[in-house]
Amino acid sequence: MKGIIVRAFLFCLLAGAGLALAAEGRKPYQENPRPAWLDKGLVLGWGNHEAFIFRVRRGGNLPYGELWKQFEAEHSEQTVIEAQKAGIEVYHTHGYKGFGYEAEKKEMDMLKTLSGYVHKQGMKLDTYCQVMTIVPETFQAEVPEVMDWVQRDASGIPIMLTYDHQQSYRPKPNLGHPDYRRYYKEKIIKALVQDVGSDLLHFDNFDCNAEPESDHSPVNVAGFHAYLRNKFTPEKMIERFGHANYDLVMPPVWNMENPPAAIREILDPAQQEWIDYRCWLMADWLRDITTYARSLNPNVAFDTNPHGLFGRNRAFQAALWHPWFMKYSEVMWSEETNPADYTQWGTIVSKIRTYKLGRALDNMVLTYKPDDLMMAEALAFNQTPGNVELRPGSDPSNRKYYNFYIANRDLYTGTLNREDAALLRSYATMAYDNHRAALEQCMFEQALIQSQVPFDLVFDEQMDDLSRYRVLVLAGQNNLSDENVAKIRKFVAAGGSLVFTGLTGSRDQWLRRRSTPALNDLLGLESAGRHGGAAAEGAAYSSKTEVSADGRVVYVPAIVPPDKEQAENWTGSWDGNVKEGSWIRPTNWRELEQAVRQAAGGKLSLETELPEWVAVEQVQKDKRIMLHLVNYRRGNRLSGIPVDLALDRGKGVSSVKVVSPDREGSRDIQFQVQGGRCTFRVPELETYDVVVVEQK
């Protein structure tokens, strides 16, 4: 009886503290102050970002004279006025494509006039900046040694962009080459920020080619060795590699017998460190470039195009780990498809993970949104439309949702997520496991999305303060550093709850096997050996769900895919094609939901009764709570939806109303308040509703 009372006290204390923190705010993720003009959200679009010289060089376009007239028209004041009248607030246009400063100077000079028109209309200017292109055909006339700046594979062959087998004139630059960095800053960034007056720089093609096409140029290999020397003392180097010969550790190479795509676990220390170095280099380039740009104008903002979370190991495959570089940006493009839908397999297809990534790392997300459901998804989970299509003849549903956003903008700006659970994506697990980790993580996320459990994504950098969450979820996070283990223990000791699965904690951050799994003792399990543990590869710690004596730690042995063959061949959800491996809802999704509820020890902050084709998001701004409901089953209208919502400690409610782009006006909802919770029914849900609860 005493344990139950103590647990109830901890639940009340933690729940109240967490909801209060959600209202008060949290520390921004970025290392630099966010430009104030972004505080009102983002409505971006209209212009063509392709440089004129590229339009000609790539072929297949209009005759030269007609093409130039079109390009000139894009820079006219009338075009800018039309964009402003349509509702565009950030005008997107060309900037730099990679042909060299001298080859593109005339076009950049035209931007100065365009910039004046844009700012005259009260808009901001967004200019495109190509990251991964050097065009030697023009660049060499300006910089004869430019081919020394390009990436080269292990055979010394220049590494190209992977565009339809048609653009072999575009080798990729080595972002670590000091001369190229200096050139990019002093020529390109200075021109666009200082001379043109850009407010937002859009860095396109912000990724690297997958292995075996990683940069083995002499400068980059030397950079790798310098990275190792800076990271490891000789003693630590011996622990890592068995020797301290920094300059003799070479980047990995591959052959037909051992293709990179076939690797499951990345155990080789050199391969691990090469992944780390490539990810670090991308982040360091962005840090360097943005620092320089901010020295010219502290109010300039930055947008990268790395794509979001779609189930692939982007650290290994593209040299990208989002938390490392997104601390230097405010906006992120994701060109994933994943069209919002509810499939015949009972799975929601969505970009929710990518939007949650952006919210976790304080970046607004830009995506393709060709219909009303995808616009609804963006408003609910991104809290801003981002890029919009408002040209004449564009889909009127986008106009409807745009009008709704503008009319209700105050419900979206300055909000904070109000979630119960946090799902950790640890670098060592997600970067060094090339298949299982992403699959299990995405399946657990899918379970919570479709069971309406409010959750955030968190990363290693955010493990120092988890106090705003009631439950931490470790979905197959096998590779955990001792530092993260200590933070998890601290969270649990302070009253937080834990759910973990599979072989979580069976290895450290270098994939070295632990003799005893790191978190088993929190459950009261006697040893790893009793339950297989790390000693038995592929075996769970227990064959059944285990719960600690106080109920706050729950272990689920497996996240079970509905089709083993589908799971075995799963490579992420780039295109939303379920048959070829899209988002997978695990067969035990209700068990995973119940594990989170069990650990939480009581009602979640949001309780509702909705079918699995509806997703929810809960945010807060000051005393106002907004509940977003998105119906992914097209044409399926719901009515009388019950909601039971936790209030901030000591607060009452003055009103509850619902607004929607699917209906005119707002509608007041009758409500009851009891025991710190507000209950009501949402009258109807077609595609998208926002319920606004005014606390007092």
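The values are calculated or read from the model by the stated rules, or taken from the named source; none is laboratory data. This is a predicted model, so every value here is computed, not measured. Please note: Cβ atoms are built from the backbone with ideal geometry, for glycine as well, and neighbour counts cover all protein chains shown. Ligands, DNA and RNA are stripped out before the accessible areas are found, and what is left, the full protein with its side chains, is counted by its heavy atoms. Shrake-Rupley method; radii C 1.70, N 1.55, O 1.52, S 1.80 Å.
Annotations for the structure displayed:
- Note on segment 239-328: Cα-only Rg and Dmax are 16.5, 51 Å.
- When the charge dipole of the chain is built from unit charges on Cβ atoms (+1 for Lys and Arg, -1 for Asp and Glu) and taken about the Cα centre, the candidate among SER506, TYR555, MET256 whose Cα reaches farthest toward its positive end is TYR555.
- Selection from HIS243, VAL43, THR687 lying farthest towards where the dipole of the chain points positive, charges on Cβ: THR687
- Against the empirical 2.2 N^0.38 Å (N residues), segment 312-357 has a Cα radius of gyration ratio of 1.41.
- Environment charge of PRO561, counting only residues whose C-beta is closer than 10 Å and scoring Lys/Arg +1, Asp/Glu -1: -2
- Inter-label distance, nm, simple model (7 Å from Cα along the C-beta direction), ASP164/LYS69: 2.5 nm
- Given charges at beta-carbon only (K, R positive; D, E negative), |dipole| of segment 45-108 in Debye: 260 debye
- Column: log10 I(q)/I(0), Debye, Cα scatterers of the chain, q = 0.05, 0.06, 0.07 Å⁻¹: -0.25, -0.36, -0.49
- Cross-link reach list, lysines versus LYS696, counting only Cα pairs under 26 Å and skipping chain neighbours closer than eight places: LYS27, LYS40, LYS603, LYS621, LYS623, LYS651, LYS657
- Shown here: segment 143-269, whose C-alpha atoms stretch 53, 37, 30 Å along the first, second and third principal axes, sorted largest to smallest.
- The chain - charge dipole about Cα centre, Lys and Arg +1 at Cβ, Asp and Glu -1, debye rounded to 20: 1860 debye
- Anisotropy class of segment 366-435 from Cα gyration tensor, a/c 1.5 cut: oblate
- Ordering ALA599, LEU610, ASN478 by the projection of their Cα atoms onto the charge dipole of the chain, which places +1 on the Cβ of Lys and Arg and -1 on the Cβ of Asp and Glu, puts ALA599 at the extreme positive end.
- Approximate spin-label separation ALA270-TRP345, in nm, with each point projected 7 Å along Cα-to-Cβ: 3.9 nm
- Straight-distance candidates among the lysines for linking to LYS120, with alpha-carbon spacing under 18 Å and chain neighbours fewer than 8 residues away dropped: LYS85, LYS112.
- Apportionment of accessible area to carbon and sulfur, the chain, percent (1.4 Å): 50 percent
- Amide hydrogen neighbours beyond the local backbone of GLY346, cut-off 5 Å, H modeled: none
- A simple spin-label model places pseudo-atoms 7 Å from Cα toward Cβ; at ASN403 and ASN255 they are separated by 6.6 nm.
- Förster-model FRET efficiency, 22 Å R0, MET147 and LEU248, C-beta, rounded to 0.05: 0.20
- Positive minus negative residues near PRO586 (Lys, Arg vs Asp, Glu; Cβ under 14 Å): -2
- Overall form of segment 175-232 per C-alpha gyration tensor (a/c, 1.5; a/b vs b/c): prolate
- Under 28 Å between alpha carbons - lysine pairs in segment 169-243 that sit 8 or more apart or on different chains: 5
- MRE, 222 nm, helices only [DSSP H, n ≥ 4, -39500 (n - 2.57), over the chain, to nearest 500]: -10000 deg cm²/dmol
- Hydrodynamic analysis of segment 143-218 uses the Kirkwood radius over alpha carbon pairs. Inserted into Stokes-Einstein at 20 °C and 1.002 mPa s, it gives a translational diffusion coefficient of 154 µm²/s.
- For the chain, averaging the sequence separation of C-alpha pairs within contact (under 8 Å, six or more residues apart) and dividing by the residue count gives a relative contact order of 12 percent.
- Net charge dipole size for segment 156-315 [Lys, Arg +1 and Asp, Glu -1 on Cβ; Debye, nearest 20]: 360 debye
- Amide H contacts for THR587 (H built 1.01 Å from N in the peptide plane; partners 5 or more residues away or on another chain; cut-off under 5 Å): VAL560.
- All alpha carbon pair distances within segment 66-193 were sorted into 10 Å bins beginning at 0; the resulting P(r) in whole percents reads 12, 37, 29, 18, 4, 0.
- Here the calculated FRET efficiency for GLN194 and ARG34, from their Cβ-Cβ distance with R0 = 25 Å, stands at 0.75, rounded to the nearest 0.05.
- Each residue of segment 233-248 is assigned a 3J(HN,Hα), and the resulting list reads 5, x, 5, 5, 5, 5, 4, 7, 10, x, 7, 10, 8, 3, 7, 9 Hz, derived from the Karplus form 6.51 cos²θ - 1.76 cosθ + 1.60 (θ = phi - 60°), x at Gly and Pro.
- The mean accessible area for residues of segment 42-153, using a 1.4 Å probe and ignoring ligands and nucleic acids, is 39 Å² per residue.
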